[in-house]
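Derivation of every value follows stated rules applied to the coordinates shown; laboratory data play no part. None of these values were measured; they are calculated from a predicted model. Note that we place each Cβ from the backbone using ideal geometry, even for glycine, and neighbour counts take in every protein chain shown.
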Amino acid sequence: MPTIVVDVMPKAELLDPQGKAVSGAFARLGVSDFSGVRIGKRFELTVDGEVTDEVLAEAQRIADEILSNSVIEDVVGIEVVQ
């Protein structure tokens, strides 16, 4: 069955406290190769049947209306994986 993956991230202009905490842990562990961390959400939607343009449009709609909070988050990706 195909799966549609939806990635949601905090808006770039907003503080990401979870990412900041992970970044601080990196520093405490001596990890210096990364300058920042942002933490988002990944949703996997299993599709019964073929992924059509209509199914992708419905995935986009629910990503915008249900899976993300448009005030503080952006839907950054919708991808079909097998």
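Data table
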item: Phi-based couplings in Hz for region 7-16 (Karplus 6.51, -1.76, 1.60; Gly and Pro marked x); result: 10, 10, 10, x, 4, 4, 7, 9, 5, 10
item: Estimated dipole of the chain in Debye, rounded to 20 [Cβ of Lys and Arg +1, of Asp and Glu -1, Cα centre]; result: 700
item: Reported label for calculated percent of Cα pairs over 16 Å apart given [x] 58; [y] 54; [z] 71; result: [x]
item: Between 0 and 90°, nearest 10: helix 17-28 axis offset from the chain longest Cα axis; result: 50
